[in-house]
Structure formats: C-alpha cells, structure tokens
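J.: Would you mind keeping the following structure in view while I ask a few things?
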Amino acid sequence: MFARSILRRLRGGGQRPFSTHPEKNFKAIIMLKRKEGMGREEFENWWLGQHKPLAMRLPGLKKYTVNLTEPVDGQEPMYDGVAELWFDKKEDLLAAYQTDIGSQVAADSLAVVCKRDRLLTYERVFEP
C-alpha cells in the first residue's frame with residue numbers, strides 16, 4: 001500500500017506534490033568543526049556575530065541557516081555546526097564564491113575551523 005502511494009505520487013496522481021519547486025532548491029550544506037582550544041560559546045559567538053553577517057552578503061544567496069550542535073550523552077559531536085545556503089542553482093553558488101565577498105567568507109571560516117566538509121545538494125521538500 002505504501003509503495004503504491006509513493007508510485008502514484010511519482011506519476012503525479014497523488015494529492016500532494018512529490019517535491020515543491022525542485023529546480024529552485026539547490027543547497028550547499030557545510031559542516032564545521034571548531035579548532036582545538038576554541039570553546040563552544042566562542043565558536044557560536046564567532047558564527048552568529050561575525051561570520052553570519054558576512055555570509056549573508058554572498059551574491060545570489062536566497063536563504064541561510066545555522067544549526068549549532070550539542071553533545072549527546074556527554075559525547076562531543078563530529079561537527080559543531082551545519083550551515084545551509086540556498087541558491088537558485090549550483091552555478092550561482094560557485095559564482096558567489098568567486099567574488100571578493102565569497103573569498104572573505106571562505107577565509108573567515110577556515111581561520112577558526114579544523115575541519116570543513118561540504119555537500120552540494122538539490123533539496124526535495126516533502127509535506128505530510
């Protein structure tokens with residue numbers, strides 16, 4: 001039954017869309033780990049106070065979110081935070097980082113992190 005429901009939606013026969021505006025949902029997911037010796041509060045203050053205003057100036061940026069992680073059961077997370085940057089298309093992201101502000105954004109983050117991993121994705125939104 002569940003599989004048939006999914007197939008029906010894939011074929012356009014469901015009541016809800018399979019994905020809303022997939023052509024407009026290009027997203028970069030950037031995972032950051034702070035350098036050793038930098039505290040969580042200092043990292044959060046840097047990201048929200050210094051880095052976010054800089055990143056918000058990226059040309060073509062449609063939406064920017066910051067997700068700060070927390071320890072689970074006393075264990076430090078693999079990353080201290082995850083940023084999500086939405087653009088209309090991949091080329092807009094690549095062009096944004098070729099600008100002076102894009103270079104500043106990259107340099108600013110590399111100055112305070114020991115690890116930065118990026119995923120370039122086409123987001124699909126599903127609504128229950």
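J.: Which one is nearest to G37 (Cα to Cα) among residues in region 49-100 that are in a loop (DSSP other than H, G, I, E, B) and of a type in the set (G, A, S)?
T.: G74
J.: Out of the residues in region 34-48 meeting the condition of being not in a helix (DSSP H, G or I) and not small (G, A, S), tell me which one is most open to solvent (accessible area, probe 1.4 Å). It would help to see each step written out before you state the result.
T.: Within region 34-48, the first condition is being not in a helix (DSSP H, G or I), and the residues that meet it are 34-39.
With the extra rule that they be not small (G, A, S), the set shrinks to 34-36, 38.
Working: R34: 39, K35: 83, E36: 188, M38: 26 Å².
The qualifying residue most open to solvent (accessible area, probe 1.4 Å) is E36.
J.: Now a separate question. Restrict the check to region 61-80 and report whether at least one residue is under 12 Å from the mean Cα position of the chain (by Cα), farther than 16 Å from M31 by Cβ and among the hydroxyl-bearing types (S, T, Y).
T.: no
J.: What is the residue count in region 32-89 for residues that are more than 23 Å from A107 (Cβ to Cβ) and hydrophobic (A, V, I, L, M, F, W, C)?
T.: 2
J.: For region 69-96, name all the residues that are surrounded by 15 or more Cβ atoms within 10 Å (Cβ to Cβ) and not β-branched (V, I, T).
T.: Y79, D80, G81, A83, E84, L85, W86, F87, D92, L93, A95, A96
J.: Sticking with this structure for a sec: In region 102-128, which residue that is touching a helix residue (DSSP H, G or I) at 6+ places or on another chain (Cβ under 7 Å) and not in a loop (DSSP other than H, G, I, E, B) is most open to solvent (accessible area, probe 1.4 Å)?
T.: First, the residues of region 102-128 that are touching a helix residue (DSSP H, G or I) at 6+ places or on another chain (Cβ under 7 Å): 102, 104-105, 108-109, 112, 116, 120, 122, 124.
If we keep only those that are not in a loop (DSSP other than H, G, I, E, B) too, we end up with 102, 104-105, 108-109, 116, 120, 122.
Working: G102: 0, Q104: 90, V105: 5, D108: 23, S109: 7, R116: 70, L120: 90, Y122: 119 Å².
Once the filter is applied, the top-ranked residue is Y122.
The values are calculated or read from the model by the stated rules, or taken from the named source; none is laboratory data. Nothing here was measured: the structure is a model prediction, and the numbers come from that model. Cβ sites come from the backbone with ideal geometry, for glycine too, and all protein chains shown count toward neighbours. Protein only, heavy atoms only, side chains kept; ligands, DNA and RNA dropped before computing areas. Shrake-Rupley method; radii C 1.70, N 1.55, O 1.52, S 1.80 Å.
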